[in-house]
Amino acid sequence: MKRTAGFSLVEVLCALLILSTGVVGITESIALSLRWSGEAERVTRAQELAAGRIETIRTVGYLSEGEEEGQFDEFPLYRFSQSVSETSQKGLYEVTMTVTFDRSAAEGEPEAEPLCELKTLLFEKPITSSFDSDPRTASGRKNRRDDRRKGGGER
């Protein structure tokens, strides 16, 4: 019997096995990279939320010792826990902000997972009077300039 050109059944089956193994490997690596990408996005968002919350505390300037927990309005699956404690230096506070992601609501897992914890030291803003005036401010310079134009004031 004479062999004709082409592939045998065994050769075709071996080629399909090798090809399917490669496709399964590529599919798994894509799924794994998507999972890691989602995790990186959650951690990045948690860090941004924690930094934003600390900046809000810094802007307000009024610090009181204690702990507070809550959730972010824009991102209901993210929860925060903040702790403010005074250090040995008067007026200096240590602020710890922990952000967790509530996986139980998102994926049916039992507990929230802490994604990020930021610690910083903040000084309480000093209480200033509205009657304080500084000649070096823009309004002080403007007043001196107006006085000079009128012919009075210092030169």
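The values are calculated or read from the model by the stated rules, or taken from the named source; none is laboratory data. What you see is a predicted model, and the numbers here were worked out from it, not measured in a lab. Here Cβ is always computed from backbone atoms with ideal geometry, including for glycine, and neighbour counts include all displayed protein chains.
Just one of the listed residues (ASP146, ASP134) is farther than 23 Å from GLY38 by Cβ and either in contact with a helix residue (DSSP H, G or I) (Cβ under 7 Å, 6 or more places away or on another chain) or at pLDDT 75 or above (or both), and it is ASP134. Screening region 85-104 for residues that are modelled with pLDDT under 90 and not in a helix (DSSP H, G or I) and picking the one that is surrounded by the most Cβ atoms within 10 Å (Cβ to Cβ) gives ASP102. For region 63-80, the criterion of being closer than 13 Å to LEU118 by Cα and either at pLDDT 95 or above or touching an Asp or Glu at 6+ places or on another chain (Cβ under 9 Å) (or both) is met by at least one residue. Flag set for ARG42, criterion: touching a strand residue (DSSP E or B) at 6+ places or on another chain (Cβ under 8 Å) and either surrounded by 10 or more Cβ atoms within 10 Å (Cβ to Cβ) or part of a helix (DSSP H, G or I) (or both). Taking region 53-90 as the range and being touching a residue at least 12 places away in the same chain (Cβ under 8 Å) and among the aliphatic types (A, V, I, L, M) as the test, the residues that pass are ILE54, ILE57, LEU63, LEU77, VAL84. Could we say that GLY66 is within 30 Å of ILE127 (Cβ to Cβ) and exposed (fewer than 10 other Cβ atoms within 10 Å of the Cβ) here? For GLY66, the condition - within 30 Å of ILE127 (Cβ to Cβ) and exposed (fewer than 10 other Cβ atoms within 10 Å of the Cβ) - is met.
In this structure, LYS125 qualifies as surrounded by 13 or more Cβ atoms within 10 Å (Cβ to Cβ), at pLDDT below 90 and outside any strand (DSSP E or B). Screening the candidates VAL10, VAL24 for the property of being surrounded by fewer than 10 Cβ atoms within 10 Å (Cβ to Cβ), not in a loop (DSSP other than H, G, I, E, B) and not hydroxyl-bearing (Ser, Thr, Tyr) yields one hit, VAL10. Count of region 44-76 residues, restricted to those that are of a type in the set (A, V, I, L, M) and within 14 Å of the chain's Cα centre (by Cα), is 5. Considering GLU107, GLU154, the condition of being under 30 Å from ALA40 (Cα atoms), at pLDDT below 95 and exposed (fewer than 13 other Cβ atoms within 10 Å of the Cβ) is satisfied by GLU107 alone. Going through ARG79, ARG53 one at a time, which residue ends up being part of a helix (DSSP H, G or I) and surrounded by 12 or more Cβ atoms within 10 Å (Cβ to Cβ)? Among ARG79, ARG53, only ARG53 is part of a helix (DSSP H, G or I) and surrounded by 12 or more Cβ atoms within 10 Å (Cβ to Cβ).
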